[in-house]
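Q: Encoded as structure tokens, here's the structure I'll be asking about.
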Amino acid sequence: MSEADISTTKSPDREPVREILDTALRVVTDPVNFYRHMPTEGGFVQPLIFMVAMGVTTGLVQLLLGLIGLGGHVPVAMALAAPVMAPLMFLIFGFVSAAIVYVIWLLMGSQRNFETAYRCVAYSSAITPIGAVAGIIPYLGALVIPLWSAALMAIASIHVHARKETLSWLVFGALGAILAITNLSGEIAGRRLASGLGALEQQLESGEMTPEQAGQAVGEFLKGLQQTTEPEENSSR
């Protein structure tokens, strides 16, 4: 199947932005059909451009949410940097994620190469702007991306790599659950940190606490936060 069979290919009658939007819509609304007909070769350029575009879009969404006060526990400074940092992170972690799932598919018996794995991962980034919006609701965003991404990889495993359906859902379902728990734990810790620092800042501004007392309180708070986020490590010693 040629690259012209999916909407990410340049065409005289289609603008690149429209092609990217159409591809993202297909991944989100009809992932089975998308991965069933996704070309497994044709170079890295098209999927890479698509992934960077999704990174820019996600960064802009995060910036907008931060400016209107819906960024949750994400600092405003991070929201302002998101349109620049998000595409860079997508570039790096796109190849890292592709390498991980490539090894997983090799262990599952797939004969597809790394390029195919990268394409599967790159086009799955279509869901990240939606995940950014879902982050408005506490803890929802931490669950949406890993679970949805795992579902897309399971679908790709079945329709691109020709792996058994039960095995695909079992492997990527377990991976998605692990990532979701990790993300959720990270967001809980982040929200605790933001809440604690916010309370200390209010006490400083109101004069209820001196800078020295605030510094000591921050140290105690971070120590307690570290202890609460490492229960399993402490109990195993």
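None of the figures in this text is laboratory data; all of them are computed from the coordinates on show. Everything numeric in this text was worked out from a predicted model, so none of it was measured. Every residue, glycine as well, gets a Cβ built from its backbone with ideal geometry; the counts of neighbours run over all protein chains shown.
Q: Which ³J(HN,Hα) values, rounded to whole Hz and listed in residue order, are derived for the stretch 154-159 from phi using the Karplus coefficients 6.51, -1.76 and 1.60 in 6.51 cos²θ - 1.76 cosθ + 1.60 with θ = phi - 60°, glycine and proline given as x?
A: Values per residue, Gly and Pro as x: 5, 5, 5, 4, 6, 9 Hz.
Q: Further question: Once phi is turned into θ = phi - 60°, what whole-Hz ³J(HN,Hα) does the Karplus curve with 6.51, -1.76 and 1.60 give for every residue of the stretch 55-62, x standing for Gly and Pro?
A: Per residue, the Karplus-derived 3J(HN,Hα) values read x, 4, 4, 4, x, 5, 4, 5 Hz.
Q: Also, I was wondering about something else. How much length is gained on full extension from Leu107 to His37, taking 0.36 nm per residue of separation minus their Cα-Cα distance?
A: Values: separation 70, 0.36 × 70 = 25.20 nm, distance 2.35 nm.
Difference between extended and current length: 22.8 nm.
Q: Another one. Starting from the 7 Å offset along Cα-to-Cβ, what nm value, one decimal, do you get for the label separation of Arg18 and Ile178?
A: Here the answer is 4.4 nm between the modelled labels.
Q: Rounded, prolate or oblate: which one fits the stretch 84-134, using the alpha carbon gyration tensor with axes a ≥ b ≥ c (rounded when a/c is under 1.5, else prolate when a/b beats b/c, else oblate)? Kindly include the intermediate steps, with their values, before the conclusion.
A: Values: a/c = 2.91, a/b = 2.01, b/c = 1.45.
Here the stretch 84-134 falls in the prolate category.
Q: While we're looking at this one, here's another question. Specify the inter-centroid distance of the stretch 30-50 and the stretch 82-159, based on alpha-carbon positions, in whole Å.
A: Distance between centres, Cα-based: 13 Å.
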